[in-house]
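Read through the structure below, which is laid out as structure tokens, and then see the notes.
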Amino acid sequence: MPYQIDVNNFGRTLLYFRQMNRLILFFLVLLFPPFSWGQQASFFSNSDSLSRNRLIGSVSLVGGTWISGTLALSQIWYSDFQKTSFHTFDDSREWLQMDKVGHIYTAAHLSEANYRLFKWTGLSDRKSVLLGSGIGFGFQTTLEFLDGKNADWGFSWYDMAANGLGTGLFLSQQLVWGEQRFVMKFTSHLTEYAAVRPNVLGSTLPERLLKDYNGQSYWLSFSPKKFTDKWPLPSWICFSFGYSVNEKLSGSLDYYVTNDRIYQASRQYLFSLDLDTRELPIKRKWLRAILRPLHYVKIPFPTLILDKNGVSGQLLYF
């Protein structure tokens, strides 16, 4: 059936995004502004010195998005759930930690997006790094406090730790190397398990891509060329290590029983090649701008898969 959004169901639609990461909407807003695309025109280039107008505009953008996003989620998203007094929640064993890796992924890229925004204003690199990291981590902390008053879950110290790891991944690399040599990426594909528990893993295409952890994979890509000039291959060819799960149909249990089958959850460790689209020898700026978002998505390549059944391979892994 076609995927439809109506006003009465908008809160439920937002909830789909929570399964991938609660920050995805905010992340997308800051990921695709023109000034993150590089040197296309003078306005879109980083300022050589601090621009007061750019700084005021950037602070207003971030502040407005932060406040409006928090209010919208509080009124539309969290209103669908029973509220209670602030409390903590131990979700460390949920979904074999796939959701925690999602927090790391979003924290790293959200920090980078804010960093690029403030570099555009002419702030120094160090100030932009610290400001971008603080905003990324701070926004996620705001949502954790909203979780803390929700009866269905609560404030998670494990989510906070994952947020800190993601922020630290960006912060440490930028301070040490002045660039992101290890980049987290994401892929998602459809699996057969959503049909077993469509209410949990999704019934429509967007739901399944965002809610079914069995089809999601998080990757850490890097190019050896970034570490040694002796590496014979170009810097845009990367190695990529991934993590996913299989037969995971319940958040807290590692098994799920139906009338004709027992599903036993397991972890999957992946190894593949990848492309760093930032390093491709492309001179046309408009094409580089179009390809930039692919920097956050793993390019399909032949992949080795290590799980409880041993080692297997897949010609093209999405």
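Values in this text are rule-based calculations from the coordinates and carry no lab data. Keep in mind it's a predicted model, so treat the numbers as computed, not measured.
Which of the lysines could a cross-linker bridge to Lys127, judged by Cα under 29 Å and excluding same-chain residues fewer than eight apart? List returned: Lys100, Lys119, Lys185, Lys225, Lys226, Lys285. Each listed q (0.19, 0.21 Å⁻¹) maps to a log10 I(q)/I(0) for the range 52-128, found by the Debye formula over equal Cα scatterers with no solvent: -1.00, -1.06. All alpha carbon pair distances within the range 244-306 were sorted into 10 Å bins beginning at 0; the resulting P(r) in whole percents reads 18, 28, 22, 18, 11, 3. In the elastic network of the chain, a GNM with C-alpha springs shorter than 10 Å, the most mobile of Asp274, Asp48, Asp99 is Asp48.
One equal scatterer on each Cα of the range 159-289, no solvent, Debye formula: the resulting log10 I(q)/I(0) at q = 0.23 Å⁻¹ is -1.32. Taken over the chain, the convex hull of the Cα atoms encloses 162 Å³ per residue.
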